[in-house]
Amino acid sequence: MEQASIVIVGAGLSGLYAAHLLERLGVADVVLLEARDLVGGRIASAAAPAGDASAAGFDRFDLGPTWFWPEQQRELHRLVDELGLQRFAQYDEGDMLYERAPGEAPVRMRGYVSAPQSMRLVGGMNALTDALHDTLRGTRIVTGQTVRRLRNTADQVEVESVDGAGASTTWRAAHVLLALPPRLAAGGIVYEPALPAPLAREWASTATWMAPHAKYVAIYDEPFWRAQGLSGSARSGGGPLGEIHDASMPGGSAALFGFLGVPARTRQRLTDDVLLTHCRAQLTRLFGPRADAPRAEFIKDWSKDALTATPDDLDAGGDHGHARAAAPASGPWQGRLSAIASEWSPRFPGYVAGAIDAAELGVRAWQRQHHTANGG
Ligand SMILES: Cc1cc2nc3c(=O)[nH]c(=O)nc-3n(C[C@H](O)[C@H](O)[C@H](O)COP(=O)(O)OP(=O)(O)OC[C@H]3O[C@@H](n4cnc5c(N)ncnc54)[C@H](O)[C@@H]3O)c2cc1C
């Protein structure tokens, strides 16, 4: 049995940020367990195929989140500055294209600048998770460990995780921070004794933001659409992409990305190859023959990823889930467990900024409780 002071379940942004805050507080023996082989969670990217060596490392394209809004999201803005990350505005100069319905020719219209301005990070959103990861010195990060069971003993919590080969490990800790979407926290982990039923129901009914969605990215040598006075933005009722944007990386490759407009349930029956072919054909229809020859293309269907989505997410609408209670208010789990993934953020539920907000609230609550328990 492995001993820790705190176990964090999930190494997405919220888990990494909680570990960063705990290290800053001087907490030792923090263990961060992650089911995937990589940290970052919904923050994931595809690298451009090796081209200009000087762009290596930051020539990456977001398959998960792309934008943040510094004017509203002050803490995230501060963290981005503190970590020395560079940001830039979403490219939206020029006209946009609109396909009203299948078979109809695209119409060109004046584009608009989003307000507030959507910002991106050089190197993609993974620049943030990489930089946070790099700050961690003492946290023990163990990837490939899926947490299956939490057992509340008289004085500690036993956290049982399983690796890819099915071997299980038990970790003992005084407190557990759940940094995974509420639906996975409620349905993917067995609690002994059970969580209070209303809390478990609330978590299970909280939609995971963007879990039903899929993204397509096409990488090019040049942003050829800009030379035609186009911003790269398009809206389409024809599909398969419903919304398209310029995804070019300053100093790196040119790119376009789009959100699939085909519902998750329909996508379950289609292979990625079929979708790639149709997405490329749509970009060619909109932006001309050069769009037919991307240097690379990627598709990421989050609804097919069991470490983000559950079957309940297939039919979810576009609402930002809001899990109201982040910790049991009574019973044996009170003080032993708190939840910190983005959906628990009161201010920005589901957003990147929400992962920062919820993690900070969770660590502060733990600190208050720990201080009181130790007679502070
Ligand atoms: C396509 C897409 C586009 C988006 N666009 C934006 C955007 O532009 N702007 C914005 O603000 N937000 C956007 N978001 C939302 C943003 O990505 C999330 O709010 C944020 O990344 C959530 O971070 P998190 O740490 O709370 O959760 P997650 O990133 O989901 O992290 C949870 C972690 O827990 C792990 N895990 C799951 N189950 C277990 C288990 N049993 N044991 C161990 N580990 C487990 C997972 O593997 C994962 O690493 C988008 C999301 C998607 C998918």
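Taken together, the values in this text are just the output of simple stated rules run on the coordinates, not laboratory data. In this text the structure is predicted, and so the values were computed from the model without any measurement. Neighbour counts are summed over all protein chains in view; Cβ atoms, including those assigned to glycine, are modelled from backbone coordinates with ideal geometry.
Identify the GluC sites (Glu not before Pro) of the range 102-171 meeting these criteria: DSSP loop state and at most 15 other C-beta atoms within 10 Å of the C-beta.
GLU104
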Once label points are set 7 Å from the Cα along Cα→Cβ at both PHE224 and ALA167, what is their separation, rounded to one decimal in nm? 5.2
Take every DSSP beta bridge with both residues inside the chain and express the antiparallel ones as a percent of the total, to the nearest 5. 65
Let me know the Rg and Dmax you get for the range 146-266 when you use only its Cα atoms, in Å. 22.2, 68
Rounded to whole Å and sorted largest first, list the principal axis extents of the Cα atoms in the chain. 67, 41, 39
Computed over the Cα atoms of the range 264-338, what is the ratio Rg over Rh, Rh following Kirkwood? 1.24
Would you kindly give the portion of the calculated P(r) for the range 236-300 that falls above 14 Å, as a percent of all Cα pairs? 58
Using a basic spin-label model with each label point 7 Å from the Cα along Cα→Cβ, how many nm lie between LEU38 and MET1? 3.6
Given charges of +1 on the Cβ of Lys and Arg and -1 on the Cβ of Asp and Glu, with all other atoms neutral, how large is the dipole of the range 32-152 about its Cα centre, in debye to the nearest 20? 720
To the nearest µm²/s, what D does Stokes-Einstein give for the range 17-171 at 20 °C and 1.002 mPa s, using the Kirkwood radius over alpha carbon pairs as Rh? 112
If contacts are Cα pairs under 8 angstrom and at least 6 residues apart, what is the relative contact order of the chain in percent? 21
Which ³J(HN,Hα) values, rounded to whole Hz and listed in residue order, are derived for the range 99-113 from phi using the Karplus coefficients 6.51, -1.76 and 1.60 in 6.51 cos²θ - 1.76 cosθ + 1.60 with θ = phi - 60°, glycine and proline given as x? 9, 6, 8, x, x, 8, 5, x, 9, 8, 9, 4, x, 10, 8
Isotropic mean projected area of the C-alpha convex hull, the range 311-376 (nm²): 5.6
Using modelled amide H (1.01 Å from N, peptide plane; none on Pro or chain starts), what sits under 5 Å from the amide H of GLU2, excluding residues fewer than 5 places away? THR170, TRP171, ARG172
Alpha-carbon Rg/Rh ratio, for the range 19-106, with Rh computed the Kirkwood way: 1.09
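Highest mean first, how do 162-169, 209-216 rank when packing is the count of other Cβ atoms within 10 Å averaged over residues?
Result, highest mean Cβ count within 10 Å first: 209-216, 162-169.
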Between LEU337, VAL352, ALA254, whose Cα lies farthest towards the positive end of the dipole of the chain when Lys and Arg beta carbons carry +1 and Asp and Glu beta carbons carry -1, centred on the Cα centre? LEU337
Across all Cα atoms of the range 214-331, Rg and the largest Cα-Cα distance (Dmax), in Å, are 17.3, 64
Chymotrypsin sites (Phe, Trp or Tyr not before Pro) restricted to the range 45-146 and DSSP loop, no more than 14 other C-beta within 10 Å: TYR112
Could you give the dipole magnitude of the chain about its Cα centre, charging the beta-carbon of Lys and Arg +1 and that of Asp and Glu -1, in debye to the nearest 20? 520
Run the simple label-point estimate for ASN374 and ARG74 please: 7 Å along Cα→C-beta, distance reported in nm. 2.9
Calculate, for ALA306 and ARG110, the FRET efficiency according to 1/(1 + (r/R0)^6) with r their C-beta to C-beta distance and R0 45 Å; round to the nearest 0.05. 0.60
Quote the FRET efficiency, to the nearest 0.05, computed for ALA194 versus GLU93 with a Förster distance R0 of 56 Å and r equal to the Cβ-Cβ distance. 0.50
Run lengths n ≥ 4 of DSSP H only: what is the helix-derived mean residue ellipticity at 222 nm for the chain, with -39500 (n - 2.57) per run over all residues, to the nearest 500? -7000 deg cm²/dmol
Pick out, in residue order, every one of the trypsin sites (Lys or Arg not before Pro) in the range 292-357 that is DSSP loop and has at most 15 other C-beta atoms within 10 Å; say none if there are none. ARG295, ARG324, ARG347
Test item: Cα-centred dipole of the range 188-236, Lys/Arg +1 and Asp/Glu -1 on Cβ, debye: 220
